[in-house]
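The structure appears right after this line, and notes come after that.
The values are calculated or read from the model by the stated rules, or taken from the named source; none is laboratory data. Here the structure is a predicted model, which means the values were calculated and not measured. Glycine gets a Cβ as well: all are built from the backbone with ideal geometry, and neighbour counts include every protein chain shown. Ligands, DNA and RNA are stripped out before the accessible areas are found, and what is left, the full protein with its side chains, is counted by its heavy atoms. Shrake-Rupley method; radii C 1.70, N 1.55, O 1.52, S 1.80 Å.
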Amino acid sequence: METGLKNRVALVSGSSQGLGRAIALAFAAEGAHLALCARNGQSLDALASEIRRQHKVQVHTGAFDVRDAGAVEAFVGNVHNVLGSVDICVTNAGGPPAKDFLQTTDADWDDAFALNLHSAVVFARAVIPFMQRERWGRIVTISSMAVRQPLPQLVLSNTIRTGILGLIRTLSNEFAKDGITVNNVGPGYTATGRLKDLSSRIASSTGRTEVDVEQAWIDQIPVGRLGKPEDIADAVVWLASERASFITGQTLLVDGGMYKGM
Ligand SMILES: NC(=O)c1ccc[n+]([C@@H]2O[C@H](COP(=O)([O-])OP(=O)(O)OC[C@H]3O[C@@H](n4cnc5c(N)ncnc54)[C@H](OP(=O)(O)O)[C@@H]3O)[C@@H](O)[C@H]2O)c1
């Protein structure tokens, strides 16, 4: 499939590992130039070298915390200066901690808002003016299947991430006239470092083994396996491609069929 992404500039946040890393590699394979950010500069630099070597595209990196709005805005400005445009913006970061509702504190709620909703707002606000000038843009938020179906022990994620739905629906209406689409990808259980942390935390709090915890997740997934980061990356690349130019304001769950709603 021709994606039309060659020489586009794709900014992917939270790209030092996990889903963000896979998304960055998938854009590079399409010939897009990349702007990568996360807190761990060493991992980013290693990934940037790997991508430059393998795919011969330009890669710009920035090490900062996406909860820092000033740092996000400065990075987007730098990306535009260095790479010449910001065509695609994938907003991704870590997830809030797994906790039962009564264990959560006000600080947890503030932090989940900053990490999983406000950071997407700040990225969108920073990139949209550049996209408007080009009359072309793609924003893809990474949230969770929890925007459709709450997941156990993830009350922070289940609650805060649904705000993403209001954000993408609103932005999709407001900026379609500028050639900008805004969509959301909701991963189901996908084999990354975050999922390993989650299974080990649940295992130690319940006395089960990590293997049992993972098997219980797999038992809920009709395709019979955990997701691979590449499964999510392929969906993001498609939504960012020319082939998806009539799709906006949508949430695409990539969950192996786990969500049971209509
Ligand atoms: N994996 C799943 O099964 C699954 C399912 C549903 C939803 N999700 C959601 O999808 C997102 C990505 O998941 P993942 O499994 O890839 O997680 P991950 O393996 O923990 O990776 C998270 C990435 O975000 C970066 N990051 C974390 N906090 C950051 C911050 N404050 N500022 C900047 N960068 C930050 C991390 O790099 P640094 O540490 O270097 O900053 C890393 O590159 C998360 O929001 C997660 O909750 C995942």
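Only one entry in Q149, Q153 is on the phi > 0 side of the Ramachandran plot, touching a residue at least 12 places away in the same chain (Cβ under 8 Å) and either open to solvent by less than 20 Å² (accessible area, probe 1.4 Å) or within 15 Å of the ligand (Cβ to nearest atom) (or both), namely Q153.
Every condition in (1) of a type outside the set (A, V, I, L, M, F, W, C); (2) open to solvent by less than 40 Å² (accessible area, probe 1.4 Å); (3) under 20 Å from I128 (Cβ atoms) holds for G18 except the one numbered (3). Applying the condition of being open to solvent by 10 Å² or more (accessible area, probe 1.4 Å) and part of a helix (DSSP H, G or I) to the range 23-48 and asking which residue is nearest to S119 (Cα to Cα) yields G41.
If the condition is being aliphatic (A, V, I, L, M) and surrounded by fewer than 22 Cβ atoms within 10 Å (Cβ to Cβ), then the range 161-181 contributes L165, L167, A176.
Out of S144, S199, one residue alone is crowded, with 19+ Cβ neighbours inside 10 Å and over 18 Å from the mean Cα position of the chain (by Cα). It is S199.
To keep it simple, each residue is scored yes or no on (1) out of contact with any Cys (no Cβ under 6 Å at 6 or more places or on another chain); (2) within 15 Å of the ligand (Cβ to nearest atom); (3) modelled with pLDDT under 95.
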residue	(1), (2), (3)
K6	yes, no, no
A22	yes, yes, no
A26	yes, yes, no
N40	yes, yes, no
Q54	yes, no, no
G62	no, yes, no
A69	yes, yes, no
V72	yes, yes, no
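Among the residues making up the range 137-160, those that are among the hydrophobic types (A, V, I, L, M, F, W, C) and in a strand (DSSP E or B) are I139, V140, I142, L154.
Being within 16 Å of the ligand (Cβ to nearest atom) and not in a helix (DSSP H, G or I) is not true of V213. Of all residues in the range 128-136, at least one satisfies being in contact (Cβ under 8 Å) with a residue 40 or more places away in the chain, outside any helix (DSSP H, G or I) and not assigned by TED's automatic domain parsing to the domain that holds V213. Using the structure shown, decide if L117 is at pLDDT 95 or above, open to solvent by 20 Å² or more (accessible area, probe 1.4 Å) and either over 17 Å from A233 (Cβ atoms) or out of contact with any Pro (no Cβ under 6 Å at 6 or more places or on another chain) (or both). Here the answer is yes, as L117 does meet what is asked. Of the residues G249, G227, G193, G261, the single one that is touching a residue at least 60 places away in the same chain (Cβ under 8 Å), of a type outside the set (D, E, K, R) and surrounded by 15 or more Cβ atoms within 10 Å (Cβ to Cβ) is G249. Screening I168 with (1) under 25 Å from A24 (Cα atoms); (2) in contact with a helix residue (DSSP H, G or I) (Cβ under 7 Å, 6 or more places away or on another chain) gives one miss only, at (2). Among the residues here, V223 does not qualify as assigned to a helix (DSSP H, G or I) and more than 13 Å from the ligand (Cβ to nearest atom).
Of everything listed in (1) of a type in the set (A, V, I, L, M, F, W, C); (2) open to solvent by 40 Å² or more (accessible area, probe 1.4 Å); (3) more than 23 Å from S245 (Cα to Cα), the single unmet condition for V72 is (2).
A quick yes/no check of all residues on (1) away from the ligand (no atom under 15 Å from the Cβ); (2) touching a His at 6+ places or on another chain (Cβ under 8 Å); (3) closer than 30 Å to G4 by Cβ:
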position: V82; (1), (2), (3): yes, yes, yes
position: P97; (1), (2), (3): no, no, no
position: L102; (1), (2), (3): yes, no, no
position: A107; (1), (2), (3): no, no, no
position: S119; (1), (2), (3): no, no, yes
position: A126; (1), (2), (3): no, no, yes
position: F130; (1), (2), (3): yes, yes, yes
